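One structure below.
The numbers here are math on the coordinates, done by the rules we state, and not lab data. No experiment lies behind these values; they were computed from the predicted model shown. For neighbour counting, all protein chains shown are included, and Cβ atoms are generated from backbone atoms with ideal geometry for every residue, glycine included.
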Amino acid sequence: MQRWIAAIGAALSLMACASTNTPGTDGVYDPLEGWNRGVYGFNNVVDGAVLAPAAHGYRAVTNEPIRDGVSNVLSNLRQPVVFANTVLQGKPGAALGTVGRFLINTTFGIGGVFDIATPSGLPEHKEDFGQTLGVWGVDEGAYLMLPLFGPSNVRDAFGLGVDTALDPLTWAKFDGDTEVRIGRQVVGAVTVREELIEQIETLRDQPEPYIALRRNYTQQRQAAIRDGELDDDPFANLPEFDDYDFDDENEE
Amino acid sequence: MTSRKWLIAAVMIAFSAAPGFADTQTEEYVRANANDVLHSLNAGDLDVDGRRLAFQQYMDEFTNLNAIAKFTIGKYSRRFTPEELEAYIDSFRTYSLAVYEFYFNEYRGRDVEVTGSIDRNAHDSIVDTQIVRADGQKLEVRWRVLNRGGKYQVVDVALNADGNLIWLAIEQQAQFIAILDKNNGSADALIEKINGMTADLLAQRDDT
């Protein structure tokens, strides 16, 4: 318990630091950039040696319906956590929809293999505790690159821990429970990596992939907190071009 | 309120709302030119080199690549020597044209439809468009258009990824400046990086 309190205290202090520090030139607060870049390099090595070959192999030996089925099962297993977060975010419609979705897909969808709920008007909601904290107004804190898990920030890393605690499968006791939990993590990692094959190739084609990932992750999370809606005034803070352009035209 | 005051109030409200929308000329500028660009990649009467040349000419007319080039290096646009700046802009232009050709190729021959617009101010507008790919997938593209002395030019393009607007020039600026910061502002380091990426793109180019 004391360790939990210490961890929460450390997380909150990093968040507090974030609110008093200026973000970097690209708008993301990354005081641990040196460390993060090291972890990013490590993750790339692991990815190249294990995850990417597994993802490509998985794609090669399966067809799309099979991969969709696996992805649906994993998504269905997340629904209790999604439900808890919709409640914490005060979204009763999404909460009820998530319960309905879970029940329909678990029964008629044969354990979640088939997503019957979406065409029935119960779309998937993607909520986690990092987003819940964001909805509550908690600052994202310092950008973090987590070993094996990839890009995150203090708020989302803390949220990841809470989501794990909220997940019934974390606590369920049954024969082979440890194997099931490990299997879910492994299959989940390969499935996500397979879904991201093209995106990761695009990322690696960028001039500075670390910066591209850092910006993209941060902006995507902000958009997720807004439930995919554009900012109220998305063009308010666009930079001006006047400092750079039209000098030649004006001189003409 | 008298009927005259009502009329004045209504006119004032109408005029105060008007600047929120880009004028039809700006929208038409984007619609016509974006369509020209996409159709140039599909011109059946030209060979590959001819199509590429037409595409590049349209892009040069449609966008202000020199301004974008300088914008993407931010403060370094004033720190580079004139020779470095010229070499960088050359390199950037080649890279940008290769990037745009690579990505627009998926939409070649398709129609660009204007779906809305908004003025940031009298000379700076955002025009929203939609392009439908051959497989039915829709792409939302927003074009930032500046009007300088009656001459319109596109300076940035945004894609909407689940509520996250990704402005291409702004993303490039963040990455280019990071490269320059890491290399003590070396123009050569950035140019070498850009030329490497251009070579990769050209190697993947679809020459059909």
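Quick notes on this one:
- Shielding of B:187-200 by partner chains, average beta-carbon count, 10 Å: 1
- The stretch B:137-208 - Debye-derived log10 I(q)/I(0), Cα point model, q = 0.26 Å⁻¹: -1.04
- For the cross-link pairs A:K126/B:K193; A:K126/A:K173; B:K151/B:K193, the ones whose C-alpha atoms lie over 29 Å apart are A:K126/B:K193; B:K151/B:K193.
- Summed residue charge, Cβ within 14 Å of A:V190's Cβ, Lys/Arg positive, Asp/Glu negative: +1
- Rounded to two decimals, the Cα-based Rg/Rh of the protein assembly as shown, with Kirkwood Rh, is 1.00.
- Cα point-scatterer Debye curve for the stretch A:169-230, base-10 log of I(q)/I(0) at q = 0.19 Å⁻¹: -0.87
- Pairwise label distance in nanometres, A:I197 with B:A32, each label 7 Å out on the Cα-Cβ vector: 4.5 nm
- Over all orientations, the stretch B:21-204 has a Cα convex hull whose mean projected area works out to 11.6 square nanometres.
- Around B:D124: net Lys/Arg minus Asp/Glu count, Cβ-Cβ under 9 Å: 0
- Extent along the principal axes, Cα only, for chain A: 74, 46, 39 Å, with the longest axis given first.
- With the simple model of a label 7 Å out from the Cα in the direction of the Cβ, A:V61 to B:R133 spans 2.9 nm.
- When each of the peptides A:57-66, A:84-93, A:215-224 is scored by how many other beta carbons lie within 10 Å of its residues on average, the order from highest to lowest is A:215-224, A:84-93, A:57-66.
- A full extension of the chain between A:V99 and A:T170 corresponds to an added length of 23.6 nm, given 0.36 nm per residue minus the alpha carbon distance.
- Applying the criteria of a DSSP loop state and at most 10 other Cβ atoms within 10 Å to the trypsin sites (Lys or Arg not before Pro) of the stretch B:76-173 yields no site.
- Among the chymotrypsin sites (Phe, Trp or Tyr not before Pro) in the stretch A:116-178, those located in a DSSP loop and surrounded by at most 15 other Cβ atoms within 10 Å of their own Cβ are A:W136, A:F149, A:F174.
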